[in-house]
Amino acid sequence: MKNTKDIRTLFFLLIIIAVRILLWWIEPSYYLFWLPFIIISVFILYSIKHNHLHYSVFNSKVLNRFYENILGVFTGTSMSGAYVIHLVNHHKENNKSNDWGNTNQFTHKSEAINIIRYACITPIKFLKSKRKWLQNTVNKKRVVVRETESRVIICTYILMLIFKFEATILYIILPHFLGQLVLVSFNYFQHAGCDPFSKYNHSRNFTGKLINFLNFNNGYHTVHHHFPSAHWSEYEKMHLLIQHKIDVDLNEHNFIYYFIRLLFSRNGKILKQKTPESLQNLIV
């Protein structure tokens, strides 16, 4: 292991996998009660996957490949696909016009409608753009790895469907689809209304303790774009070093409070943060 802070990463991973396999196996009643937990767990695994993409957990290539395939099965998407969408495209373009996840193309006066449209349309655009990139790339090794990862995911799902069809749909495949929508929406929250050409105001940061505990400091998005190879455990300290250079309205203390303000905003104008500090830090 390269960094001992990833012991927490592995702990989260093992707990989530164990609970989700248990739910799949016993198929408990009150499915809608468990669904939010499952979706949140997928989002956490996406955060783990994202961090591994930038800073691999193990020194061993074999262990990293095994780890990546486990993440692929429990998120429903391959690591190589994430590499193309996130590293090759997003970090290069950073919400400019050639970014496949560009938020600026959604301009309805209601941000609620923009979020829904972005979450529904962007995954399809990701899929088409990724396929085109893989067809045209000279890096054929990346294509082979991606195909291998995809086969592992598909074969695992086929076996699970044969063994427990309904449980696999409800507890594995559907949550992965919904988790993808949540993940894509989070990219909208991090970049919508920001200036992609600004050195420090290209991203929105969520600095709440809980959200950064759950998503392994991915709330500190500006510093992540500045230092993409840094380990996630360093983001908070690094963010504090440049915080004064970022527009105060792009450092959100509470994600829930931001989300509510965003839903009620009109014409791209988000209500200012005017909540007492005690409330801002209450949840996330």
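The values are calculated or read from the model by the stated rules, or taken from the named source; none is laboratory data. Please read these numbers as outputs of a predicted model, since none were measured by experiment. Ideal geometry is used to build each Cβ from the backbone, glycine not excepted, and the neighbour counts take in all protein chains shown.
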(message) Cβ-Cβ under 8 Å, sequence separation 6+ or interchain: first residue in segment 205-216 and basic (Lys, Arg), partner modelled with pLDDT under 95. Which pairs?
(response) Lys209/Asn281; Lys209/Val284
(request) Determine which member of the set Ile85, Ile116, Ile38 is more than 18 Å from His176 (Cβ to Cβ), assigned to a helix (DSSP H, G or I) and among the β-branched types (Val, Ile, Thr). (result) Ile116
(request) Mind listing whichever residues of segment 179-204 are assigned to a helix (DSSP H, G or I) and either basic (Lys, Arg) or over 30 Å from Ile21 (Cα atoms) (or both)? (result) Tyr188, Phe189, Gln190, His191
(message) Considering only segment 85-99, I want to know if a residue exists there that is β-branched (Val, Ile, Thr), in contact with a Lys or Arg (Cβ under 7 Å, 6 or more places away or on another chain) and either at pLDDT below 90 or closer than 27 Å to Pro175 by Cβ (or both).
(response) yes
(message) Checking the structure you have, find out if any residue of segment 19-29 is surrounded by 15 or more Cβ atoms within 10 Å (Cβ to Cβ), basic (Lys, Arg) and in contact with a Phe, Trp or Tyr (Cβ under 9 Å, 6 or more places away or on another chain).
(response) yes
(request) Scan segment 142-178 for residues that are of a type in the set (A, V, I, L, M, F, W, C) and either under 17 Å from Gly81 (Cβ atoms) or touching a Cys at 6+ places or on another chain (Cβ under 8 Å) (or both) and report the count. (result) 9
(message) Taking the conditions exactly as written (hydrophobic (A, V, I, L, M, F, W, C), over 14 Å from the mean Cα position of the chain (by Cα), more than 23 Å from Ile85 (Cβ to Cβ) and at pLDDT 95 or above), does Phe197 satisfy them or not?
(response) no
(message) Given the criteria surrounded by 19 or more Cβ atoms within 10 Å (Cβ to Cβ), at pLDDT 95 or above and part of a helix (DSSP H, G or I), does His176 qualify?
(response) no
(message) Let me confirm something: among Leu63, Leu71, which residue is at pLDDT 95 or above, under 30 Å from Lys164 (Cβ atoms) and either surrounded by 17 or more Cβ atoms within 10 Å (Cβ to Cβ) or among the β-branched types (Val, Ile, Thr) (or both)?
(response) Leu71
(message) If I filter segment 233-271 down to residues being of a type in the set (Lys, Arg) and farther than 14 Å from Lys209 by Cα, which single residue comes out as modelled with the lowest pLDDT?
(response) Lys269
